[in-house]
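Read-outs throughout are calculated quantities, based only on the coordinates presented, and are distinct from any laboratory measurement. Keep in mind that this is a model prediction, so the values were computed, not measured. Virtual Cβ from ideal backbone geometry, glycine too; neighbours counted across all protein chains shown.
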Amino acid sequence: MAISYGEHSIEKVTFNLDRNLKEKVMALKKEMGVSLSSIYNEAIAEYLKRKELERWEKAASQAKVDQEYQGFTEAIGEDDGGVYEY
């Protein structure tokens, strides 16, 4: 069940967490004076950003060795940049 707060929709989730990791998170929560939800949300958001960057880096590495793609980008690079009306 999702709960809406203005533009944000929040859904309650349940997941399993290693006991040692939970203890560290609880200590961080106490030290920072924040909610577990805020820690989890920030951690998951950062994880997703990192994974997205990894996907882009992998795609760039693949494009770097793809001969067909290299030919295509070279052909595009030869464009004089002019605007033409037909």
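Just one of the listed residues (TYR69, TYR47, TYR84) is out of contact with any strand residue (DSSP E or B) (no Cβ under 9 Å at 6 or more places or on another chain) and not in a helix (DSSP H, G or I), and it is TYR84. What are the residues in the range 36-68 that are under 16 Å from MET26 (Cα atoms) and either β-branched (Val, Ile, Thr) or touching an Asp or Glu at 6+ places or on another chain (Cβ under 8 Å) (or both), if any? Once the filter is applied, which keeps residues that are under 16 Å from MET26 (Cα atoms) and either β-branched (Val, Ile, Thr) or touching an Asp or Glu at 6+ places or on another chain (Cβ under 8 Å) (or both), the range 36-68 yields only ILE39. Is one or more of the residues making up the range 1-17 part of a helix (DSSP H, G or I) and free of Cβ contacts under 8 Å to residues at least 12 places away in the same chain? Within the range 1-17, none of the residues are part of a helix (DSSP H, G or I) and free of Cβ contacts under 8 Å to residues at least 12 places away in the same chain. The set of residues in the range 26-78 being closer than 28 Å to HIS8 by Cβ, surrounded by 11 or more Cβ atoms within 10 Å (Cβ to Cβ) and not hydrophobic (A, V, I, L, M, F, W, C) consists of LYS29, SER37, SER38, TYR40, ASN41, GLU42.
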